[in-house]
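Have a look at the structure below, then the notes.
None of the figures in this text is laboratory data; all of them are computed from the coordinates on show. Remember, it's a predicted structure, so these values are computed and weren't measured experimentally. All Cβ positions, glycine included, derive from the backbone under ideal geometry; neighbour counts span all protein chains shown.
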Amino acid sequence: MALRFDENDVKKLEEIRAKYPNNQACTLPFLHYAQDKFGYVSMDVIKLVAQTLNLPVAHVLSVATFYTMYNKKPVGKYHLQVCTNISCSLLGARRLVDKLQELLGIKPGETTEDGMFTLTEVECLGSCGTAPVIQVNDKYFENLDEKKVEELIESLRKGELDV
Amino acid sequence: MSEIVLFKHLIDPEVRNIENYIKLGGYEGLKKAFTMQPDDIIEEVKRSNLRGRGGAGFPTGLKWSFMPKGEGQKYFVCNADEGEPGTFKDRYIMSENPHQLIEGMVIGGYAMGATVGYIYIRGEFEFVAKILQKAIDEAYEKGFLGKNILNSGFDFDLYVHLGAGAYVCGEETGLINSLEGKPGQPRLKPPFPAQYGVFGKPTTVNNVETIACVPDIIKKGADWFLSIGPEKNNGTKIYAVSGHVNNPGVFELPMGTPLREIIYEHAGGIVGGKKLKAVIPGGSSAPVLGPEHLDIPMDFDSLKKVGSMLGSGAIIVMSEDTCMVEAFTRLAKFYAHESCGQCTPCREGTAWLYKILKRIEDREGKKGDIDLILDICGKIMGRTICPLGDAAVMCIKPAVERFRDEFEYHIEHKKCMVENKIPIF
Ligand SMILES: Cc1cc2nc3c(=O)[nH]c(=O)nc-3n(C[C@H](O)[C@H](O)[C@H](O)COP(=O)(O)O)c2cc1C
Ligand code: SF4
Ligand code: FES
């Protein structure tokens with residue numbers, strides 16, 4: 001079935017549209033919105049956004065592929081993004097990545113078979129003073145160590161955290 | 001005790017609420033601005049010596065004066081991309097004291113005749129964007145945003161725009177392209193944004209911290225700002241300290257505070273009482289310094305004199321347990337990853353630098369690799385559309401030169417010079 005935006009989506013998208021002088025400027029916010037709704041930015045999502053904004057598909061595709069935050073393939077329920085840039089690495093980001101690989105049985109770039117977790121290594125998250133940092137969906141978890149990471153995964157598995 | 005301007009939440013933790021912000025004298029700068037002519041505001045900002053806090057230290061008043069006079073749509077854009085590794089200061093202004101930024105945006109808009117503002121914030125900071133949006137809604141309700149603000153006849157709308165994960169969008173023309181809904185690839189200058197900016201209209205781009213300095217400059221006058229910090233480097237500065245210190249964090253101090261005081265007093269000294277080995281003073285792109293530089297005043301001109309730069313004021317501290325080869329290979333990886341690919345020297349050069357460094361790090365370095373690195377650096381510098389290529393060179397080249405013996409040791413002995421090193425890879 002072809003993807004579509006429902007009435008409520010259209011209302012929200014119109015609110016976004018009102019902030020800009022033209023349709024093209026809505027490309028990033030519409031892609032964000034579509035990713036929230038559909039989980040990831042598939043080719044169908046790209047086509048839908050292009051159609052909604054009356055823009056060439058090639059344009060929306062070029063934007064979707066330029067930026068790292070648009071997921072081109074499905075991600076798990078919890079997307080674990082570990083910062084491995086300098087300040088986080090100085091304080092043990094490597095150990096966190098190793099710990100997560102051990103806990104989840106996957107490598108960076110992969111998703112667990114049950115679709116619960118995706119593990120990604122990312123660049124600086126702008127949170128270096130509270131390093132090391134992991135972003136889980138929209139939330140930051142800071143000042144982490146291996147023990148805290150273990151607890152974090154535990155709570156996520158139990159569905160105790162709102163992220 | 002130094003003055004607290006940007007971090008008013010240290011005085012009142014609830015200052016993100018508009019009522020409390022007003023109680024602390026908030027929006028008085030805006031009220032005063034409306035009693036002044038727009039040109040007089042620009043003059044006052046010029047006189048204050050406020051210099052951009054986003055990296056380059058360009059005089060803010062001068063930048064504002066480049067905006068054309070007269071009618072026609074103009075834009076004021078706030079750069080809240082905060083992508084430079086080591087930098088985490090703007091997020092605290094926005095999340096804890098958002099009205100300071102909003103007030104600065106309206107004053108800047110009025111001074112430059114811009115009636116629409118965008119705050120371009122990195123996508124990962126969605127939680128910050130929500131706080132900011134709430135503050136914007138409050139400001140609209142109280143009549144500090146929208147039509148005919150405080151009966152001044154001036155209209156100003158302010159929107160938050162989320163990025164989507166690309167460091168190069170922090171570069172102002174990359175940011176403009178991104179705001180227009182395109183890939184964030186930087187533009188060749190000229191034309192400068194003041195002539196041809198976002199949506200083809202005159203635009204000024206300033207950093208969050210820069211803009212947040214403006215309300216107090218207008219309220220208290222330029223002389224007050226000039227009374228803080230060394231000549232031509234005035235005002236307070238947020239130093240963001242990370243890495244091997246006991247008390248990492250953000251500290252608002254007078255511009256020109258010595259590096260030693262920031263690291264050893266405010267940030268609590270080096271973890272485990274270890275020796276300091278290297279310090280990057282202004283975000284990852286600032287040339288690395290050593291312990292002999294601890295008495296340098298942290299300001300634009302003093303750092304320039306020792307061949308580095310203040311950049312974003314983000315201080316990354318590395319103790320004796322850090323392997324410089326690993327640390328700078330990691331940073332090289334970052335630049336290679338973030339190159340937007342438009343310029344051959346940057347695209348190929350950063351990738352090549354990373355490749356050579358990684359092989360040295362992997363104990364497979366070859367004789368001559370160091371000279372090759374320095375040669376490649378020379379071929380990138382100054383030959384690209386935007387300063388990202390230069391930034392990569394300014395990060396890597398001084399590190400390889402300063403710590404050449406460590407890189408050579410890796411190549412010759414196929415092992416690391418540092419015992420008990422902290423693994424980065
Ligand atoms: C690769 C690159 C990334 C940058 N990232 C940022 C950033 O995240 N935030 C910022 O304010 N300035 C950043 N800048 C500097 C901007 O291009 C611009 O100089 C700055 O926003 C101007 O603001 P100011 O005059 O208030 O300093 C970056 C520059 C380059 C070359
Ligand atoms: S210097 Fe690098 S990042 Fe900047 S425009 Fe050229 S390729 Fe893109
Ligand atoms: S280095 Fe990890 S948040 Fe900046």
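Would you be able to say whether some residue in segment A:58-65 is under 21 Å from the mean Cα position of the chain (by Cα), surrounded by fewer than 17 Cβ atoms within 10 Å (Cβ to Cβ) and touching a residue at least 24 places away in the same chain (Cβ under 8 Å)?
Within segment A:58-65 (the criterion being under 21 Å from the mean Cα position of the chain (by Cα), surrounded by fewer than 17 Cβ atoms within 10 Å (Cβ to Cβ) and touching a residue at least 24 places away in the same chain (Cβ under 8 Å)), the answer is no, since none of the residues qualifies.
Name every residue in segment B:298-345 that is β-branched (Val, Ile, Thr) and farther than 16 Å from residue B:239 by Cα, in order of residue number.
Passing the criteria: B:306, B:322, B:325, B:329, B:344.
Rundown of residues vs (1) touching a residue at least 12 places away in the same chain (Cβ under 8 Å); (2) more than 21 Å from the chain's Cα centre (by Cα); (3) within 16 Å of ligand 3 (Cβ to nearest atom); (4) within 23 Å of residue B:81 (Cβ to Cβ), yes/no style:
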{"site": "A:10", "(1), (2), (3), (4)": "no, yes, no, no"}
{"site": "A:18", "(1), (2), (3), (4)": "no, yes, no, no"}
{"site": "A:28", "(1), (2), (3), (4)": "yes, no, no, yes"}
{"site": "A:54", "(1), (2), (3), (4)": "yes, yes, no, no"}
{"site": "A:68", "(1), (2), (3), (4)": "yes, no, yes, yes"}
{"site": "A:74", "(1), (2), (3), (4)": "yes, no, no, no"}
{"site": "A:82", "(1), (2), (3), (4)": "yes, no, yes, yes"}
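Only one of these conditions is not met by residue B:285: (1) in contact with a Gly (Cβ under 8 Å, 6 or more places away or on another chain); (2) more than 12 Å from chain A (Cβ to nearest Cβ); (3) of a type outside the set (Val, Ile, Thr). Which number is it?
In the conditions (1) in contact with a Gly (Cβ under 8 Å, 6 or more places away or on another chain); (2) more than 12 Å from chain A (Cβ to nearest Cβ); (3) of a type outside the set (Val, Ile, Thr), residue B:285 misses (2) alone.
Quick one: in segment B:169-191, which of the residues that are within 20 Å of the chain's Cα centre (by Cα) and within 25 Å of residue B:50 (Cα to Cα) is surrounded by the most Cβ atoms within 10 Å (Cβ to Cβ)?
Of everything passing the filter in segment B:169-191, B:169 is surrounded by the most Cβ atoms within 10 Å (Cβ to Cβ).
Can you tell me which condition residue B:58 does not meet? The list is (1) without any contact (Cβ under 8 Å) to a residue 40 or more places away in the chain; (2) over 20 Å from the mean Cα position of the chain (by Cα), and all the others hold.
(2) is the only condition that residue B:58 fails.
Do we have residue B:179 as within 14 Å of chain A (Cβ to nearest Cβ) and touching a Gly at 6+ places or on another chain (Cβ under 8 Å) here?
When the stated conditions are applied, residue B:179 does not pass them.
Out of segment B:384-403, which residues are more than 17 Å from residue B:356 (Cβ to Cβ) and either exposed (fewer than 15 other Cβ atoms within 10 Å of the Cβ) or more than 16 Å from ligand 1 (Cβ to nearest atom) (or both)?
B:402
Within segment B:382-425, how many residues turn out to be under 26 Å from the mean Cα position of the chain (by Cα), assigned to a helix (DSSP H, G or I) and away from chain A (no Cβ under 14 Å)?
9
Looking at segment A:70-87, which of its residues are away from ligand 1 (no atom under 16 Å from the Cβ) and in contact with a strand residue (DSSP E or B) (Cβ under 8 Å, 6 or more places away or on another chain)?
Answer for segment A:70-87, where residues must be away from ligand 1 (no atom under 16 Å from the Cβ) and in contact with a strand residue (DSSP E or B) (Cβ under 8 Å, 6 or more places away or on another chain): A:71, A:74, A:75, A:76, A:77, A:78, A:79, A:80, A:81, A:82, A:84.
Pick from segment A:119-148 the residues that are facing chain B (nearest Cβ under 7 Å) and aliphatic (A, V, I, L, M): which of them is surrounded by the fewest Cβ atoms within 10 Å (Cβ to Cβ)?
Among them, the one singled out is A:131.
Suppose the filter is of a type in the set (Gly, Ala, Ser), within 14 Å of chain A (Cβ to nearest Cβ), within 15 Å of ligand 1 (Cβ to nearest atom) and in contact with a strand residue (DSSP E or B) (Cβ under 7 Å, 6 or more places away or on another chain); does residue B:170 pass it?
Criteria met by residue B:170.
Among the residues of segment B:272-289, what is the count of those that are more than 13 Å from residue B:87 (Cα to Cα) and out of contact with any strand residue (DSSP E or B) (no Cβ under 6 Å at 6 or more places or on another chain)?
Summing the residues that are more than 13 Å from residue B:87 (Cα to Cα) and out of contact with any strand residue (DSSP E or B) (no Cβ under 6 Å at 6 or more places or on another chain) in segment B:272-289 gives 4.
Quick one: residue B:198 ticks every box in (1) touching a residue at least 24 places away in the same chain (Cβ under 8 Å); (2) more than 16 Å from ligand 2 (Cβ to nearest atom); (3) surrounded by fewer than 19 Cβ atoms within 10 Å (Cβ to Cβ) except a single one, so which number is it?
(3)
Select from segment B:45-104 the residues that are of a type in the set (Gly, Ala, Ser) and touching a strand residue (DSSP E or B) at 6+ places or on another chain (Cβ under 7 Å) and write down the one among them that is surrounded by the fewest Cβ atoms within 10 Å (Cβ to Cβ).
Among those residues, the one meeting the criterion is B:52.
Taking segment A:1-54 only, how many residues are out of contact with any Phe, Trp or Tyr (no Cβ under 6 Å at 6 or more places or on another chain), outside any helix (DSSP H, G or I) and either within 27 Å of residue B:198 (Cα to Cα) or within 14 Å of another protein chain (Cβ to nearest Cβ) (or both)?
6
Checking residue A:108 against (1) more than 8 Å from chain B (Cβ to nearest Cβ); (2) touching a Phe, Trp or Tyr at 6+ places or on another chain (Cβ under 7 Å), which single condition isn't satisfied?
(2)
Check B:83, B:104, B:123 and return the single one that is in contact (Cβ under 8 Å) with a residue 60 or more places away in the chain, within 13 Å of chain A (Cβ to nearest Cβ) and within 16 Å of ligand 1 (Cβ to nearest atom).
B:83
Could you please give the count of residues in segment A:104-141 that are away from ligand 1 (no atom under 16 Å from the Cβ) and in a strand (DSSP E or B)?
12
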